[in-house]
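*Asks:* Here it is, the structure, as structure tokens.
The values are calculated or read from the model by the stated rules, or taken from the named source; none is laboratory data. On a predicted model such as this, the values are computed, not experimentally measured, just so you know. Please note: Cβ atoms are built from the backbone with ideal geometry, for glycine as well, and neighbour counts cover all protein chains shown.
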Amino acid sequence: MDKILLLGYMGAGKSTIARLLGQKLQISSIDLDSEIESRANLPISQIFSQKGEIYFRKLEHKVFVDLLEQPGKKIIALGGGTPCYSGNHLLMNQQGISIYLKASIDTLYERLQLTSGTRPLWDENRNTKEFLAKHLFDRSYYYHQAEFVISTDNKSIEQITHEIASLLA
Ligand code: S3P
């Protein structure tokens, strides 16, 4: 169990926390989305627009499996949808320690609006609180398969990182 997997909805802070946790624990950290982008040689938004979501989900699964099979300790920030497709939620618990970074609808909505335009699943047709609430509800089952759940509302990135480090100690 040498992989630490951070999961959660878009805007939950997975990538930032993975980086900080990596620095704190002296473990290398990696972002699944960045790895997908470098393998496809395309940004995520273009993978969605040019090849479609199904192509993305298949590639996401393949890259996730490859990362899990690499030797050595690693912190992996998953994409928001990773646990919800291709049985990835089962893999994450067989081969790693999974941590759900749980945030409220209001917190996520605020954060996503600040970075609006950067995510294919948070475009002008879907960036409503109603979409978010329903989408999060649909995904909650998968997110709650994580071994640990950390509530992140009203906590600083440093506090969350500290909490995860204590959990793993
Ligand atoms: C997705 C989240 C994104 C990225 C892709 C799909 C999702 O990652 O993997 O746009 O399905 O929630 P972030 O959670 O890092 O934004």
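*Asks:* Would you please name the residue that is nearest to Asn154 (Cα to Cα), looking only at residues in region 93-109 that are modelled with pLDDT under 95 and assigned to a helix (DSSP H, G or I)?
*Replies:* The extreme case among them is Asn93.
*Asks:* I would also like to ask the following. Give region 122-169 a look and list any residue that's hydrophobic (A, V, I, L, M, F, W, C) and without any contact (Cβ under 8 Å) to a residue 24 or more places away in the chain, or say none.
*Replies:* Within region 122-169, Phe131, Phe137, Ala169 meet the criteria.
*Asks:* Next question. Could we say that Ser86 is in contact with a strand residue (DSSP E or B) (Cβ under 8 Å, 6 or more places away or on another chain), small (Gly, Ala, Ser) and within 20 Å of Asp31 (Cβ to Cβ) here?
*Replies:* Answer is no for this residue.
*Asks:* Based on what the data block shows, is Ser34 of a type in the set (S, T, N, Q), within 10 Å of the ligand (Cβ to nearest atom), closer than 24 Å to Phe137 by Cα and modelled with pLDDT of 95 or more?
*Replies:* Against the criterion (of a type in the set (S, T, N, Q), within 10 Å of the ligand (Cβ to nearest atom), closer than 24 Å to Phe137 by Cα and modelled with pLDDT of 95 or more), Ser34 does not qualify.
*Asks:* Give the number of residues within region 68-83 that are buried (at least 19 other Cβ atoms within 10 Å of the Cβ) and either assigned to a loop (DSSP other than H, G, I, E, B) or within 16 Å of the ligand (Cβ to nearest atom) (or both).
*Replies:* Selection size over region 68-83: 9.
*Asks:* Six or more apart or on different chains, Cβ atoms under 8 Å: show the pairs whose first residue is in region 1-18 and in contact (Cβ under 8 Å) with a residue 40 or more places away in the chain and in a helix (DSSP H, G or I) and whose second is among the hydroxyl-bearing types (Ser, Thr, Tyr) and surrounded by 24 or more Cβ atoms within 10 Å (Cβ to Cβ).
*Replies:* Cβ pairs passing all conditions: none.
*Asks:* Something else about it: Just give me the residues in region 127-157 being within 15 Å of the ligand (Cβ to nearest atom), of a type in the set (Lys, Arg) and more than 13 Å from Gly81 (Cβ to Cβ), in sequence order.
*Replies:* Lys134
*Asks:* I need a count of the residues in region 110-123 that are of a type in the set (Lys, Arg) and part of a loop (DSSP other than H, G, I, E, B).
*Replies:* Summing the residues that are of a type in the set (Lys, Arg) and part of a loop (DSSP other than H, G, I, E, B) in region 110-123 gives 1.
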